[in-house]
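Have a look at the structure below before the remarks.
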Amino acid sequence: MSENETHPSNVIRHLYVHFPFCARICPYCAFYKTRGNAAEVARFCEALASEARRVAKKLPLTLETIFFGGGTPTVLSTAQLKNLLELFHEIFDLGALREWSIEANPGSVSVKKAAALRESGVNRISLGVQSWDNELLHLLGREHDAAQAEESFHIFRGAGFSNISIDLMFALPGQTEVQWRKSLQKTIMLQPEHISTYCLTYEEDTEFLARFQRGEFSAHDETEARFLELAMTTLERAGYEHYEISNYSRSGFHAEHNRAYWCGADYIGIGPSAFSTRGFERWQNVADHNEYARRLFANASPVASIEKLTPAMKRTEHIALGLRTREGIVADTIDQIQAEELISNGLLARNDSRVFLTRAGRLLADSVTIEVL
Ligand SMILES: C[S@@+](CC[C@H](N)C(=O)[O-])C[C@H]1O[C@@H](n2cnc3c(N)ncnc32)[C@H](O)[C@@H]1O
Ligand code: SF4
């Protein structure tokens, strides 16, 4: 069922907002993004407000988390950000909101912007540092260097943000374990509340995949596992809880919005390419910002595709996402003989009625998941 139809079921508590513009396009990135001009950005903001109004009118929302992702929402000017966030306050009832995150690229952060975000109610920053090594940042095509990333972190702290997450990527082409350890240590020195560490994926239709296919880059499971283990050891020793395969946090600072996805909660996504899931329906907005705006201004639906989820698909997602988390899943969800075998192999552990990955299991998370599905 798309957002155009009425739906009798539960209240929706989570909103994702996709902002599709970036100042520069990174060669590894497969998210829907583009380099827009000023007119396109302004037109998009109007269209986004229009979709927000439509969603607020049609769906039963009690928002507890909002995630502004992209793309790079911080490429907006301070005035544009203020206007957009002000509109969200007008359109939605934010009385129950606990977490409002925004993705920030160190290349587009300023003192004024950080202050405007804080004043507008954003309370969590996800800062895309990726690496503290300037050579690797160059290889990744990033628009910032390590010094700028550090300055951005301090700007957000100075603006009063007490919940900052840093994104890092590992198993990058040519990256050594020493470089990775240094990046982890540098991150710990800054004491963010949350750290996400993503293993580089060679995504379809990216320049990095083309280079991989030409043999310029290579990837090895053992190297990736070693990098993951180094992250686990270094960050856990520094007091961060490894609460999801790619995520670590100080106590009380789990990413609430992402947790909702992992738990299978319903969510609404607005903006081009954004997904929404409600019960057994998943739909996606058109992944083209011009077409997205055109449809909204013509009072047409931005939804491009609707998928019916079967109970089997829901179960697969529940296991795959749940096993990535510290809490794992209810043991009865999977075959008991297989569960016992994985427990005796030291890859799964049991706690009351739940099973979860052990430390060794986390290093082989994908294979364990495939086994139990
Ligand atoms: C939606 S991106 C946007 C963040 C923001 N635009 C930036 O680049 O700073 C969120 C995160 O996904 C991660 N990411 C993007 N592409 C990736 C890939 N191919 N492999 C692994 N992680 C990736 C990066 O760590 C990035 O910070
Ligand atoms: S990684 Fe971030 S800045 Fe780079 S292209 Fe993707 S969304 Fe844009």
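General observations
- Inter-residue pairs, beta-carbon under 6 Å, first outside the structural domain of LYS33 (by TED's automatic domain parsing) and under 17 Å from TYR16 (Cα atoms) and in the stretch 282-308, second part of a helix (DSSP H, G or I) and among the basic types (Lys, Arg), 6+ apart: PRO302/ARG295
- In the stretch 110-132, the residues that are within 16 Å of ligand 2 (Cβ to nearest atom) and among the polar types (S, T, N, Q): SER126, GLN130, SER131
- Those residues of the stretch 151-202 which are away from ligand 2 (no atom under 16 Å from the Cβ), under 17 Å from the mean Cα position of the chain (by Cα) and part of a loop (DSSP other than H, G, I, E, B), in sequence order: ASN163, PRO192, GLU193
- Test result for THR369, buried (at least 18 other Cβ atoms within 10 Å of the Cβ), under 27 Å from HIS254 (Cα atoms) and among the hydroxyl-bearing types (Ser, Thr, Tyr): yes
- Only residues that are modelled with pLDDT of 95 or more and either loosely packed, with under 13 Cβ neighbours inside 10 Å or in contact with a Pro (Cβ under 6 Å, 6 or more places away or on another chain) (or both) were counted across the stretch 219-240, and they come to 2.
- The set of residues in the stretch 129-150 being closer than 13 Å to SER183 by Cβ, in a helix (DSSP H, G or I) and within 14 Å of ligand 1 (Cβ to nearest atom) consists of LEU136, LEU137, ALA146, ALA149.
- Tallying residues that are out of contact with any strand residue (DSSP E or B) (no Cβ under 8 Å at 6 or more places or on another chain) and either hydroxyl-bearing (Ser, Thr, Tyr) or not assigned by TED's automatic domain parsing to the domain that holds TYR28 (or both) within the stretch 149-193 yields 2.
- ASN83 being without any contact (Cβ under 8 Å) to a residue 60 or more places away in the chain and under 30 Å from THR206 (Cβ atoms): no
- Considered as a group, the residues in the stretch 266-297 that are over 21 Å from the mean Cα position of the chain (by Cα) and of a type in the set (Phe, Trp, Tyr) include one that is nearest to THR65 (Cα to Cα), and that residue is PHE280.
- Residue pairs whose Cβ atoms lie under 9 Å apart, separated by 6 or more positions or on different chains, with the first residue in the stretch 146-169 and free of Cβ contacts under 8 Å to residues at least 40 places away in the same chain and more than 19 Å from ILE195 (Cβ to Cβ) and the second assigned to a helix (DSSP H, G or I) and not hydroxyl-bearing (Ser, Thr, Tyr), are ALA147/ASN134.
The values are calculated or read from the model by the stated rules, or taken from the named source; none is laboratory data. Remember, it's a predicted structure, so these values are computed and weren't measured experimentally. Note: ideal-geometry Cβ built from the backbone for every residue, glycine included; neighbour counts use all protein chains shown.
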